[in-house]
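The values are calculated or read from the model by the stated rules, or taken from the named source; none is laboratory data. Here the structure is a predicted model, which means the values were calculated and not measured. Cβ: placed from backbone, ideal geometry, glycine included. Neighbour counts: every protein chain shown. Quick note on the areas: whole protein, heavy atoms, side chains included, nothing else; ligands and nucleic acids left out. Shrake-Rupley method; radii C 1.70, N 1.55, O 1.52, S 1.80 Å.
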Amino acid sequence: MSALVYRGPASLAGCPEAVASVLAASGLDVRYVGPDEDLALTGHTLAGATLYAQPGGGTLRQGWRRMRRHRHAVRRFVADGGHYVGFCLGAYLAGATPGFGLLPGDTDQALDTEDDRVVEVDWGGTRRAVFAQDPAALLVDGRAEVLARYPDGQAAAAVAPYAAGRVGVVGPHPEATRDWFTDAGLPVAPDARDLARDLVAKTLA
C-alpha cells in the first residue's frame with residue numbers, strides 16, 4: 001500500500017517528516033506531494049495511492065488559503081474509496097468551516113491558547129500525554145468512532161466513513177518526536193507514536 005504526505009507551504013518543517021515516519025512504520029510506501037516535490041497534489045497522483053496524509057501546519061486560515069484549490073481532488077479521492085489521515089491542521093482541514101468537508105460534523109479549537117503544550121487525552125481507556133499546538137476538537141456525530149477525548153470530554157481523535165472511503169483525524173500531535181518537546185522547552189512526554197499508528201490502522205481498517 002502506498003501513502004502520500006503533503007509537504008509544502010501549508011505545513012511546518014518537521015511535521016510532514018514525522019507523519020511520514022509513522023506511516024512507514026505502519027508498513028506503507030511513503031512519497032511526498034506538494035508544489036516543490038517530485039509529485040504534485042492532483043487527482044491523478046492521488047488515484048494511485050491508498051492513503052493521503054495532511055500534517056500539521058500554521059493556522060486554519062493560512063492553511064485553507066493554500067489547500068482550497070485541492071479540495072475537489074481530495075474529496076474525490078476519499079469518496080472513491082481512499083483514506084485521509086489528518087494531524088492537527090490536517091484535522092481542522094477535514095472539517096467544513098472552512099475545510100474539505102470530510103467529517104460528519106466540524107472542528108473547533110480545543111484550547112484557548114495557541115502555545116505549545118503537553119495535553120492529556122484518554123485514548124481507548126488509557127490516559128496519555130501528547131504534544132499539542134492549538135489542537136482541534138472534533139465536533140462529530142454518531143457516524144464517527146471517537147478514539148480519544150480531552151479531559152473535558154471533547155473528542156480528540158476519531159475515524160469516520162466518507163462515501164466509499166474513510167477519514168482519521170487527531171487534534172494534537174501523537175506523531176511528535178522527543179525534539180519537538182525539547183525545542184519548545186516542554187517536559188518530554190513518553191513516546192506516543194503508537195497512538196498515531198493506531199489512528200492509521202483504524203483508518204485503513
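When you scan segment 128-137, do you find a residue that is over 28 Å from D191 (Cβ atoms) and open to solvent by 40 Å² or more (accessible area, probe 1.4 Å), even just one?
No, every residue in segment 128-137 fails to be over 28 Å from D191 (Cβ atoms) and open to solvent by 40 Å² or more (accessible area, probe 1.4 Å).
Can we say A24 is open to solvent by 50 Å² or more (accessible area, probe 1.4 Å), assigned to a helix (DSSP H, G or I), closer than 27 Å to D194 by Cα and not aromatic (F, W, Y)?
Considered against the rule, which asks whether it is open to solvent by 50 Å² or more (accessible area, probe 1.4 Å), assigned to a helix (DSSP H, G or I), closer than 27 Å to D194 by Cα and not aromatic (F, W, Y), A24 comes out as yes.
Looking at segment 36-58, which of its residues are touching a Leu at 6+ places or on another chain (Cβ under 8 Å) and in a loop (DSSP other than H, G, I, E, B)?
Residues satisfying the conditions are L41, A49, T50, P55, G56, G57, G58.
I'm checking my understanding of the structure. Among residues of segment 166-194 that are surrounded by 21 or more Cβ atoms within 10 Å (Cβ to Cβ) and over 20 Å from L12 (Cβ atoms), which one is farthest from the chain's Cα centre (by Cα)?
Filtering first and then ranking leaves R166.
Just one of D116, D112, D108, D122 is open to solvent by 30 Å² or more (accessible area, probe 1.4 Å), in contact (Cβ under 8 Å) with a residue 60 or more places away in the chain and either under 11 Å from V169 (Cβ atoms) or acidic (D, E) (or both); which is it?
Only one candidate passes the filter, namely D116.
I need the full set of residues from segment 190-205 which are assigned to a helix (DSSP H, G or I), of a type outside the set (D, E, K, R) and over 10 Å from V22 (Cβ atoms), in order please.
A201, T203, L204
Specify which of the listed residues (Y84, Y32) is more than 17 Å from A156 (Cα to Cα) and touching a Lys or Arg at 6+ places or on another chain (Cβ under 9 Å).
Unique residue meeting the criteria: Y32.
Filter segment 60-91 down to residues that are open to solvent by less than 60 Å² (accessible area, probe 1.4 Å) and in a loop (DSSP other than H, G, I, E, B), then give me how many there are.
The number of residues fulfilling the criteria is 3.
For segment 51-58, state whether one or more residues are open to solvent by 20 Å² or more (accessible area, probe 1.4 Å) and at pLDDT below 95.
There is at least one residue in segment 51-58 that is open to solvent by 20 Å² or more (accessible area, probe 1.4 Å) and at pLDDT below 95.
How about segment 138-165: which of its residues are in a strand (DSSP E or B), of a type outside the set (S, T, Y) and open to solvent by 20 Å² or more (accessible area, probe 1.4 Å)?
Answer for segment 138-165, where residues must be in a strand (DSSP E or B), of a type outside the set (S, T, Y) and open to solvent by 20 Å² or more (accessible area, probe 1.4 Å): L139, V140, E145, V146, R149, P161.
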